[in-house]
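Asker: I have a structure I would like to understand better, so I am pasting it below and will then ask my questions one at a time.
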Amino acid sequence: MVALSTPTVEQFFVKTCKPVNPLTCIDIPLIDLSKPDSKHLAVKACQDFGFFKVVNHGVPMTLINELESEAIKFFNSPQPVKEKAGPADPFGYGNKNIGRNGDIGWVEYLLLNTKPESHYHKLLSIFEEHPEKFQSHVDEYVTAVKNMACDILELMADGLKLESKNAFSKLLMDEQSDSVFRLNYYPPCPKHQEHEINGGNLIGFGEHTDPQIISVLRSNNTSGLEICLKDGSWVSVPPDSESFFINVGDSLQVMTNGKFKSIKHRVVANSEKSRMSMIYFGGPPLNEKIAPLASLLEREEDSLYNEFTWFEYKNSAFNTALSHNRLGLFEKISSKI
Ligand code: GA4
């Protein structure tokens, strides 16, 4: 059990990584969902990076903007009002403390269960005036983004030539799918002298991979998101409020026997502008067995992972620190030699 005390500014510096500047420049893979050739590009992006940007996604900007402005209104409300919706374990409002293992970041957030109506009691205390409006925008947004995530997962399955196109998407479509929706608000961080001296940045959300199958992120136009390339260098992702960014999660890496990469990413805080992001984490039902798909194992190729249920993985993941290599525990010994 970790005691939660108020963190000092020094604790937020990125200490563990190579200097952040100058960042490597790469072109983030771009998938246009209106183009038929996108399945090959999506597969390549998942193999090379585990990350890509999506345009022509069909999610209405009005819905995105409405939800964003309601969320901003919430994060700008007085601290005691926000605290009424905390703590964020397992769901609710969180401030600087992330997870249960002592991680901190320059971030405030709302963690919500995606099952419709499941938050109504907590939302009642946050949105004293119109909780139902916020709830219905969350439900509508989550449904739209989940549908897009399923289209993308079907595109991937098609690109991988799987017989069942819904091998991945059926896990999100299942009524018991254990998915999560997160609103992250990164207030402008204090300018700090050390900031200039050691070239470090205040950390908004520390480096980690996402445990689920797929993550769908949308942010405002404030930068901060960085992804880690295979050579360990960090790349800043130019924000684009009209597009979505997709991450491969640990569970999809396992189902593809490591062909798709679960990407390490983080968010650095910005001293000029606030950053607001909304992320849908598409997860399988708790009792779902996660293992490499038999049809994806090439002849004589060994499975790299021991089978686990999502419940087992989630339990183990939630007891680790953010930057922990969570999949390591489930790798087959033979594949480590
Ligand atoms: C990362 C992805 C999602 O934001 C999240 C996070 C969760 C949390 O904030 O409680 C975790 C983190 C995330 C992985 C390791 C554990 C659990 C914080 C943490 C230290 C909601 C999730 O599913 O896993």
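The values are calculated or read from the model by the stated rules, or taken from the named source; none is laboratory data. Note that the structure is predicted; figures quoted are calculated from it, not measured. Neighbour counts run over all protein chains shown; Cβ positions are idealised from the backbone, glycine included. The area values use the complete protein model at the heavy-atom level, side chains included, leaving out ligands, DNA and RNA. Shrake-Rupley method; radii C 1.70, N 1.55, O 1.52, S 1.80 Å.
Asker: Average the reciprocal distances over every distinct pair of alpha-carbons in region 9-336, invert the result, and give the Kirkwood radius in Å. Spell out each step's value before the answer.
Answerer: Working: mean 1/r = 0.0492 Å⁻¹.
Result for region 9-336, one decimal place: 20.3 Å.
Asker: With a sphere of radius 15 Å drawn around the Cβ of PRO284, what net charge do the other residues whose Cβ falls strictly inside it have (Lys, Arg +1; Asp, Glu -1)? Mind dumping the intermediate values first?
Answerer: Numbers: positive: LYS115, LYS146, LYS170, LYS289, LYS314; negative: ASP174, GLU175, ASP178, ASP210, ASP250, GLU288, GLU307, GLU312.
Residues close to PRO284 contribute a combined charge of -3.
Asker: Using a probe of 1.4 angstrom, how much of the accessible area of region 9-336 is carbon and sulfur, in percent? Please report the intermediate quantities before stating the final value.
Answerer: Numbers: 7690 of 14900 Å².
Whole-percent figure for carbon plus sulfur exposure: 52.
Asker: Could you check the simple spin-label distance between ILE72 and SER233, using points 7 Å along Cα→Cβ, in nm with one decimal?
Answerer: 3.5
Asker: Residue separation times 0.36 nm, minus the C-alpha to C-alpha distance between ASP37 and GLU272: what's the value? Can you show the working numbers first?
Answerer: Details: separation 235, 0.36 × 235 = 84.60 nm, distance 3.94 nm.
Contour length minus the Cα-Cα distance gives 80.7 nm.
Asker: Turning to a different aspect of this structure: Give me the accessible area per residue for region 204-258, probe 1.4 Å, as a whole number in Å². Present the calculation step by step, with values, prior to reporting the outcome.
Answerer: Numbers: 1200 Å² over 55 residues.
With all protein chains present, region 204-258 gives 22 Å² per residue.
Asker: At 1.4 Å probe size, with no ligands or nucleic acids counted, give the accessible surface of VAL138 in Å², nearest ten.
Answerer: Ignoring ligands and nucleic acids, VAL138 comes out at about 10 Å².
Asker: For ASN56 paired with LYS96, estimate the spin-label separation in nm (one decimal), with each label point 7 Å from Cα along the Cα-to-Cβ line.
Answerer: Result for the modelled spin labels: 4.7 nm.
Asker: By accessible area of protein heavy atoms, probe 1.4 Å, what ranking do THR62, THR320 get, highest first? Mind dumping the intermediate values first?
Answerer: Numbers: THR62 100, THR320 25 Å².
In descending accessible area the options line up as THR62, THR320.
Asker: Points 7 angstrom from Cα along the Cβ direction at LEU286 and GLN47: gap in nanometres?
Answerer: Going by the 7 Å Cα→Cβ label model, 3.8 nm.
Asker: ASP158 to LEU329: extension gain in nm, 0.36 nm per residue of separation minus the Cα-Cα distance? Don't jump to the answer; show the numbers that get you there.
Answerer: Numbers: separation 171, 0.36 × 171 = 61.56 nm, distance 3.01 nm.
The span from ASP158 to LEU329 would gain 58.6 nm if fully extended.
Asker: Continuing with this model, one more query. Taking amide hydrogens as modeled 1.01 Å from N in the peptide plane, which residues meet the under 5 Å criterion relative to LEU30, leaving out close sequence neighbours?
Answerer: LYS53
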